[in-house]
1. So which residues in region 55-93 are in a loop (DSSP other than H, G, I, E, B) and touching a Gly at 6+ places or on another chain (Cβ under 7 Å), if there are any at all?
2. Just to be sure before I move on: is Pro140 more than 18 Å from the chain's Cα centre (by Cα) and within 17 Å of Val86 (Cα to Cα) in the structure I sent?
3. Mind telling me which of the residues Phe19, Phe82 ends up being more than 24 Å from Phe137 (Cα to Cα), under 16 Å from the mean Cα position of the chain (by Cα) and of a type in the set (Phe, Trp, Tyr)?
4. Check off (1) closer than 28 Å to Asn31 by Cα; (2) buried (at least 23 other Cβ atoms within 10 Å of the Cβ) for Trp148 and give me the number that stays unchecked.
5. Of the residues Lys169, Lys90, which single one is free of Cβ contacts under 8 Å to residues at least 40 places away in the same chain and among the basic types (Lys, Arg)?
6. Give Ile3, Ile8 a once-over and let me know the one that is part of a loop (DSSP other than H, G, I, E, B), surrounded by 11 or more Cβ atoms within 10 Å (Cβ to Cβ) and in contact (Cβ under 8 Å) with a residue 12 or more places away in the chain.
7. Any residue that is of a type in the set (Ser, Thr, Tyr), farther than 19 Å from Trp157 by Cα and free of Cβ contacts under 8 Å to residues at least 60 places away in the same chain - is there at least one of those in region 100-114?
8. Which condition from (1) touching a Lys or Arg at 6+ places or on another chain (Cβ under 6 Å); (2) under 29 Å from Leu175 (Cβ atoms) is the one that Gln64 breaks?
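The values are calculated or read from the model by the stated rules, or taken from the named source; none is laboratory data. Bear in mind the structure is a predicted one, so any value in this text is a computation, not a measurement. Note: ideal-geometry Cβ built from the backbone for every residue, glycine included; neighbour counts use all protein chains shown.
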Amino acid sequence: MQIIDTDIKDVKILEPKKFGDHRGFFSETYNQKVLEDLGIKGNFCQDNHSFSADKNTVRGLHFQTPPFAQGKLIRVTKGAIFDVAVDIRKGSPTFGKHVTAEIAADNWRQIWVPEGFAHGLCTLTPDTEVLYKVTGFYSPDHDKGLLWSDKNIGIKWPVKQDEAILSEKDLAQPLFETFDSPFIYGDMIEKAA
């Protein structure tokens, strides 16, 4: 597995190897030891699978607060997404900054989004399927978010605001400037070590 650094050092792009022949392909998409050797530590406890029928479906920006915070390992098995990770760790040198990546069935990439980041995506194709492993169980009381189109975050989404397909929940998320993050950078560095 190859690892690619992003502009925020804790968010990583992964490229699992694919071995193909006339029958199709084989790929080891997750191996705990390989990821730990690459510096990605996460005890995954739940797998999620989302399907979006339409192009321009936006999901996010989502995160869960402690003690149910989640790291996410995201991959696409059909279609393609524009993926976003926003650093919401107080005291981080990249607090409020974000990274983006195209994750697609065709490029076979994955993205690691650790705890302390808000995560979002926009489908680039119809009938897109996203699978992601998470390090914490879902908790409705700890499920939070930020407004996807917040100008203070400055994400250059591949969809116009009036063409995005969103849930009512995601349309009503708060702005970054009103958000008091429960994630503290120094505490998270100690936890990851």
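1. The answer is Phe68, Ala69, Gln70, Gly71, Ile88, Gly91.
2. So Pro140 fails the test.
3. None of the other options fit; the residue is Phe82.
4. Here Trp148 clears every test but (1).
5. Lys169
6. Only one candidate passes the filter, namely Ile8.
7. no
8. Going through (1) touching a Lys or Arg at 6+ places or on another chain (Cβ under 6 Å); (2) under 29 Å from Leu175 (Cβ atoms) one by one, Gln64 breaks only (1).
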